[in-house]
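Below is one structure; the comments refer to it alone.
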Amino acid sequence: MSARSGVRPPAPRASSSSAVSEDDDAPRVAEGHLSADPVPPRRLGLLLTVGGVIGFLAAFTLTVERIKLLLDPTGYTPSCDINPFISCGSVMVTWQARLFGFPNPLIGIAAFAVATTLGVLLLSGTPLPRWVRAGWQVGITLGFVFICWLMTQSLYSIKALCPWCMVAWAVVIPMFWTTTVDSLDRGTIPVPRGARRAVAALVEYRLLLTVLTDLLVVVLIAQAFWDQWVALV
């Protein structure tokens, strides 16, 4: 009777399971992400903005201190010289503090200015092109490697800690891990199919990566200067 009246029977509804990707190695719960808990763009923007401003101020202060020390190398005592092993003055006069022929803080001024700019753009809701995200990933990775090298030099070669340098370390670590897991989650860093589940888990535990890295730094500092800490107490 339906054929005579011209009314067609309703088409069978597609099974919901057919709409779900059969690729178990790519659990894309959120649009364009591997993880069910991606990094919110504005949260990343807040981190880059706050971390960039703090890092910029630290690098700028170190640059000013370095200029004052150059103008009066014998009479000026940097404000961050607290004791023999917590002293930015002891660090600033070493070759490690000018690895590329100029004071390292100048690199920090430029890098943290970029971080702040990108953070403000993300906070405003401006989507960043893939090439900008990729460029920032390269930059923050190089920065992370650089501060790791500076840490080892401070702890085991120079044997002194620069307070403002440690401020820079403290902001680079969370910026590096958060940026990296976000790049993995978005595909800015290519992820092999077999590693997608691991990446999704890594993104969800991104805070733990920062905490563990900070704890490692604290342990290394405590171990390297244990005798000095005991003497202070």
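Overview of values
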item	result
Qualifying residues in region 148-190 (those that are among the β-branched types (Val, Ile, Thr) and farther than 23 Å from Val203 by Cα) - the one surrounded by the fewest Cβ atoms within 10 Å (Cβ to Cβ)	Thr152
Residue under evaluation Ile82, criteria (1) out of contact with any Phe, Trp or Tyr (no Cβ under 7 Å at 6 or more places or on another chain); (2) modelled with pLDDT of 90 or more, criterion not met	(2)
Test: residue in region 44-54 that is part of a loop (DSSP other than H, G, I, E, B) and either farther than 22 Å from Ile107 by Cα or of a type in the set (Ser, Thr, Tyr) (or both)	no
Selected residue (criterion: nearest to the chain's Cα centre (by Cα)) from residues of region 178-224 that are of a type in the set (Gly, Ala, Ser) and part of a helix (DSSP H, G or I)	Ser183
Hits in region 60-102 - residues which are within 18 Å of Met151 (Cβ to Cβ) and buried (at least 19 other Cβ atoms within 10 Å of the Cβ)	Leu62, Cys80, Ser87, Cys88, Ser90, Val91, Met92, Ala97
Per-region count, region 114-142, residues in a helix (DSSP H, G or I), surrounded by fewer than 16 Cβ atoms within 10 Å (Cβ to Cβ) and among the small types (Gly, Ala, Ser)	2
Test for Ser90: is it assigned to a helix (DSSP H, G or I), within 29 Å of Asp227 (Cα to Cα), in contact (Cβ under 8 Å) with a residue 12 or more places away in the chain and of a type in the set (Gly, Ala, Ser)	yes
Odd one out for Leu70, checked against (1) over 30 Å from Pro190 (Cβ atoms); (2) in a loop (DSSP other than H, G, I, E, B)	(2)
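Each row is one residue, and each column tells you yes or no for (1) modelled with pLDDT of 85 or more; (2) closer than 20 Å to Leu161 by Cβ; (3) over 24 Å from the mean Cα position of the chain (by Cα).
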site: Val29; (1), (2), (3): no, no, yes
site: Gly32; (1), (2), (3): no, no, no
site: Leu46; (1), (2), (3): yes, no, no
site: Leu57; (1), (2), (3): yes, yes, no
site: Leu70; (1), (2), (3): yes, no, yes
site: Gly89; (1), (2), (3): yes, yes, yes
site: Gln96; (1), (2), (3): yes, yes, no
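The values are calculated or read from the model by the stated rules, or taken from the named source; none is laboratory data. Note that this is a predicted model, so its numbers are computed, not measured. Backbone-built Cβ (ideal geometry, glycine too); neighbour counts: all protein chains shown.
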